[in-house]
1. Which residues, taken from the stretch 350-383, are surrounded by 15 or more Cβ atoms within 10 Å (Cβ to Cβ) and either not assigned by the TED database to the domain that holds A272 or not in a helix (DSSP H, G or I) (or both)?
2. Just for the stretch 86-105: of the residues that are touching a residue at least 12 places away in the same chain (Cβ under 8 Å) and not in a helix (DSSP H, G or I), which one is surrounded by the most Cβ atoms within 10 Å (Cβ to Cβ)?
3. When the residues of the stretch 151-196 are filtered to those that are without any contact (Cβ under 8 Å) to a residue 60 or more places away in the chain and under 20 Å from D57 (Cβ atoms), which remaining residue is surrounded by the fewest Cβ atoms within 10 Å (Cβ to Cβ)?
4. What number of residues in the stretch 321-338 are modelled with pLDDT of 95 or more and either under 20 Å from A380 (Cβ atoms) or under 16 Å from the mean Cα position of the chain (by Cα) (or both)?
5. Could you identify the single residue in T313, T288 that is polar (S, T, N, Q) and within 30 Å of D398 (Cα to Cα)?
6. Being under 11 Å from L165 (Cβ atoms), touching a residue at least 60 places away in the same chain (Cβ under 8 Å) and under 22 Å from the mean Cα position of the chain (by Cα), is that true of even one residue in the stretch 238-247?
7. So A113 fits all but one of (1) assigned to a helix (DSSP H, G or I); (2) of a type outside the set (V, I, T); (3) farther than 26 Å from R379 by Cβ; what number is the exception?
8. Please go through the stretch 77-123 and pick out each residue that is in contact with a Gly (Cβ under 7 Å, 6 or more places away or on another chain) and closer than 13 Å to W134 by Cα.
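The values are calculated or read from the model by the stated rules, or taken from the named source; none is laboratory data. Since we're looking at a predicted model, the values are computed, not measured. Glycine also receives a Cβ, built like all others from the backbone with ideal geometry; neighbour counts cover every protein chain displayed.
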Amino acid sequence: MAPADRSAPPAGSTDPTLARCLDWPFFEPRHRALAAALEAWAASALGHAPVPREQVDDRCRALVRQLGAAGWLRHAVAGQAHGGAADVIDTRAICLLREILARHDGLADFAFAMQGLGSGAISLAGDAALRAHWLPRVAAGEALAAFALSEPDAGSDVAAMQCRLREDGETLVLDGEKTWISNGGIADVYVVFARSGEAPGARGISAVVVPADTPGLVIAERIDVIAPHPLARLRFDGCRVPRSHRLGAPGEGFKLAMRTLDVFRTSVAAAALGFARRALAEGLARATTRRMFGGVLADQALTQARLAEMVTTVDSAALLTYRAAWQRDRGEQVTREAAMAKWAATEGAQQVIDAAVQLWGGRGVVHDEPVERLYREIRALRIYEGASEVQQLIIGRDLVREAAARRTAG
């Protein structure tokens, strides 16, 4: 079978498990229309043969241009005046977009998500000039954006960051390192978070916009991971930008980072859901066609039980994901709900994909078979934008706080 055929989702229109979900009351007619339009576009534009590692940068740039030209990136950018689909990001829309893109092509989902995450802080806190300069280009796919938060010793513990930002007249000066930066090495603009010293801990962090061609910004190392994506370690050596490139007030960078992540964290769950739906479809297709013991694999009771576990895990994750998205679109605080969605969807997708590999047997561990690619794609989602353990802490602490508040009120 040709590589292009192997990489494409099983024949058909919208995934049947997603089609059933779209009837849930979380969605409005515009969401159903959006999903149908993207599914039609993705079926014709994506599903390419596996991309060699040395070509990932070029493929990522090409995907951003494709997504921009087709209008999909508009949904990742806030502000109609700056090319966005709406003035406020529609969380259900970006979740549907990420789920469908992930089901077709993990790198396409990555390209879409990084445009939103990388420009999110500019949408939220950039001045008029910064928004006018960068957001239309990001929405059109003409500029790639990146979100530079993590450091070698400050991943989940963001408040431990050491990268420094100081004022020098009308300029801001950056010194230090960032690592695990998605789009690192190919981005046109980086939103960088650094310690500015207004207060200890999280209250002394600021955010600043750094164009990729700024002197003093060095791509210190490209990072090769199990599912090829553009990643890099950045170094700042006396890197100077205008004072106007600061996002928000001094010392409010941590809050801005959390606000940005709150917008997009639920969409990580949606991407995991897309991978899980693809794995379920691949596993089901294999089980119903693989000849075994005078019938097919799906005739076996153990196989049917495994498939039941897979589809139940997918539906459970979908309910949590789209509940959180719906609540956020209603203006509700969803810190706990988003954490529950991300934890359940990413961990559940790992289980579903592992089950699909098992159903595929020996072919399931052949490099670049669909389920083997999914196995590599899902692993990072359990770590980035808050590891599963961090999500558990968020949920548990929120539950304890709520119980304490009830006791005090009673």
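1. Result: E369, R382, I383.
2. For the stretch 86-105, the residue satisfying everything is D105.
3. D188
4. The number of residues fulfilling the criteria is 4.
5. The match here is T313.
6. Scanning the stretch 238-247, I find no residue that is under 11 Å from L165 (Cβ atoms), touching a residue at least 60 places away in the same chain (Cβ under 8 Å) and under 22 Å from the mean Cα position of the chain (by Cα), so the answer is no.
7. Here A113 meets the rest and fails (3).
8. Listed by number, the residues that qualify are V77, A78, S123.
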